1. One residue is enough: does segment A:173-181 have a residue meeting the conditions in contact (Cβ under 8 Å) with a residue 24 or more places away in the chain and either part of a helix (DSSP H, G or I) or within 14 Å of another protein chain (Cβ to nearest Cβ) (or both)?
2. Filter segment A:11-30 down to the residues that are within 12 Å of chain B (Cβ to nearest Cβ), buried (at least 19 other Cβ atoms within 10 Å of the Cβ), under 16 Å from residue B:64 (Cα atoms) and not charged (D, E, K, R) and list them by number.
3. In segment A:157-165, is there at least one residue being within 14 Å of chain B (Cβ to nearest Cβ) and more than 20 Å from the chain's Cα centre (by Cα)?
4. Could you list, in sequence order, all residues of segment B:246-262 that are at the interface with chain A (Cβ under 9 Å from one of its Cβ atoms) and surrounded by 24 or more Cβ atoms within 10 Å (Cβ to Cβ)?
5. So which residues in segment B:344-378 are touching a residue at least 40 places away in the same chain (Cβ under 8 Å) and among the aliphatic types (A, V, I, L, M), if there are any at all?
6. List, please: which pairs have Cβ atoms under 8 Å, are six or more places apart or on different chains, and start with a residue in segment A:136-149 that is at negative phi and end with one that is assigned to a strand (DSSP E or B) and acidic (Asp, Glu)?
7. Return the only residue of B:287, B:298 being in contact with a strand residue (DSSP E or B) (Cβ under 8 Å, 6 or more places away or on another chain) and assigned by TED's automatic domain parsing to the domain that holds residue B:371.
8. Conditions: (1) more than 14 Å from chain A (Cβ to nearest Cβ); (2) under 30 Å from residue A:110 (Cα atoms); (3) of a type in the set (A, V, I, L, M, F, W, C); (4) surrounded by fewer than 24 Cβ atoms within 10 Å (Cβ to Cβ). Residue B:78 meets all but one. Number of the miss?
2 protein chains.
Amino acid sequence: MRITKILERTIPLATNISNSARSLQDIRTTIVAVVSDVIRGGKPLIGFAFSSIGRASHSAPVRERIAPRVLAAPPESVFNAAGTNFDPDKLHAVAMKNEKLGGDAERSAAIGTLNIAVWDLVAKIEEKPLHQVLAERFNGGDVQDRVFCYVGGGWYRPGQTTQDLQDEMRGHLAAGYSMLKMKVGGLALAEDCKRIEAVLKVIGDSKSLAVDANCIFDRQQAIACGKAIAPFGLRWYEEPCHPQDYETYKAVAEAYAPPLASCENLFSPRELENFLLYSGFRSDRDIIQIDPPLAYGISGYLRVIEIAQKHGFTRKSLFPHGGNLMGLHIAAGFGLGGCESYPGVFGAAGGFNDEVSLQNGYAILPQSPGLGFEMKPELFPMMREMIS
Amino acid sequence: MRITKILERTIPLATNISNSARSLQDIRTTIVAVVSDVIRGGKPLIGFAFSSIGRASHSAPVRERIAPRVLAAPPESVFNAAGTNFDPDKLHAVAMKNEKLGGDAERSAAIGTLNIAVWDLVAKIEEKPLHQVLAERFNGGDVQDRVFCYVGGGWYRPGQTTQDLQDEMRGHLAAGYSMLKMKVGGLALAEDCKRIEAVLKVIGDSKSLAVDANCIFDRQQAIACGKAIAPFGLRWYEEPCHPQDYETYKAVAEAYAPPLASCENLFSPRELENFLLYSGFRSDRDIIQIDPPLAYGISGYLRVIEIAQKHGFTRKSLFPHGGNLMGLHIAAGFGLGGCESYPGVFGAAGGFNDEVSLQNGYAILPQSPGLGFEMKPELFPMMREMIS
């Protein structure tokens, strides 16, 4: 049993959407494929994952140093104790070998995406969906059939009217979602508040709406926005400022009583540890949104859970960033608060797969082995092509 | 006047040295060349720089997104006010366009190396050495002819004896250096202390010796090493622990009264700001070693100086990491504490150039226009080849 090839390909994800901080026209994602010599149904099993949407290509570090390192490891050195499967944590340790401390963003996405592809492969070898493998190993066998799922929507689009925004939100509710998120910070504060009011008319319950500022504000603006939206009593106020500006987070947490959310732009358990030490985040209400493929994958996420719990947070405070099959399996498998969904944006990388349906705000979990990219017809042809 | 091409090439730097944390056998550096249409002596002026030694290749981000962005900018939009030269800060803003906040290590070295190559070009257009351009713009015209310079040496080598180590150090003193640095943390603490004692026999003054642990220790080990070496009264104790483990830095600063040094593994002014807010670093004695090409170049270093001063440090507390022409010009031009030198290691990227000599611990500054890589016969042929 061995890994025979590790392949990567970066694909463009055409969109015309913007958040408060930038246009998402040129974004890309890097797909990683881990090919094994384990044969099922006459074909080798292959693990797949893709990197966090919205950041750079991660092909080069995979190709230049991470994949060669992993392929050079003696096969038995990365087996589990019984020798029946690969051990993702051992492979993670090999991938990290001789990497210099600090600067996690140099490789955390390359290594994290590879790590999730390895977990996909491991679950396929076990012939179970990944959420089940994770629940059996890390959540006392509490295997779920559904997971709470909210829509990361309400983007700024060229020529968009309030009516368009309301129609978008009505569509999400009709599709089976119960909680929605929308962008703020891209317009003047008074206009953003009008957008929020318009969406609240559609959704009704203010606890079912979150807002996301995508790090756009300085300290004064972040507090001003918090004060303006506090009366709405929203589900959460996400990323008011720079992800590592802990002093501004602390000032916002002092000025804004309802829940805050952050951490999708942190690259490692170490960065999360510092965030929780210094940001004033409140374990009784605030939400941690580490993006697994960005921050060392599932092997990294095990440390994320440990650090969050050390700081008094429960698993229900964790909502992995990235509306895709990876976040879905991770949220379900670890018993987290829930996951995100991006219906209709991010092209082939958006959405879940054909097995997943929505009911009363919950996503019904897929049952294919692994993550189930094979059941995602917009994406899987690209994966098949890159390995052929 | 425009930039016509931006080229990059990653070259291996064969060494057999190790520090406490890792072998440096496979390290690389990325050279960036910024080609202009400004003709002098019948040839176009070209700016060169190379990335921080000891980290990964930075070719991909330069090639895939940074260079295309810079080349697409309207030429006049990146001129200085008089239209007589390029404005490196305007080019820096273009390079940063649409980059997502957080995760500086995704691009700070690519953008930083490009930025220093631009500064090399700007100084060549002014027909002055870069240290002079920097002193005129940022240090009240206080142009220096020499700068304090210490040796980053005392590595662990296969089969090395104490005598070998002493001979290495004697060689540095004979070459004109007065301050030396050696590695710790690669052996048991008692053995490392014996190495220090052996080197102190050669160098005499303990204020002329620093030690570098390359981030190897956990909190307990970092404090234990500090307590063991405190009686020596060394110049500084560098990087005891993980570069972002501020709580351990704080504990070491409480337990160890002599100077500490750190920050070569921080990737941005933002990371420095957090380090100074939380690490307990003492502005009256501790040393800040940001590596300019790693952390957004000279445009980034302007912010580094500002942040350090805001926290009570003077320019004399700053010693840029990286024993090369870039650190030399930056230390001299900004009037910093001094710079590092790596004689005889890191192959073509080690050392300064043929113009630089050492006298009583000071490096006599080069007078060629720009950084002066043209006068570095081990390295310049590679630069010439990549642009031909």
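1. Taking every residue of segment A:173-181 in turn, at least one turns out to be in contact (Cβ under 8 Å) with a residue 24 or more places away in the chain and either part of a helix (DSSP H, G or I) or within 14 Å of another protein chain (Cβ to nearest Cβ) (or both).
2. Residues satisfying the conditions are A:27, A:30.
3. Checked segment A:157-165: no residue is within 14 Å of chain B (Cβ to nearest Cβ) and more than 20 Å from the chain's Cα centre (by Cα).
4. The answer is none; no residue qualifies.
5. B:345, B:348, B:349, B:358, B:363, B:364, B:365, B:371
6. A:149/A:340
7. B:287
8. So the condition that residue B:78 fails would be (2).
The values are calculated or read from the model by the stated rules, or taken from the named source; none is laboratory data. Small disclaimer: the values here were computed from a predicted structure and weren't measured. When we count neighbours, we look across all protein chains shown, and the Cβ atoms used for this are built from the backbone with ideal geometry, even at glycine.
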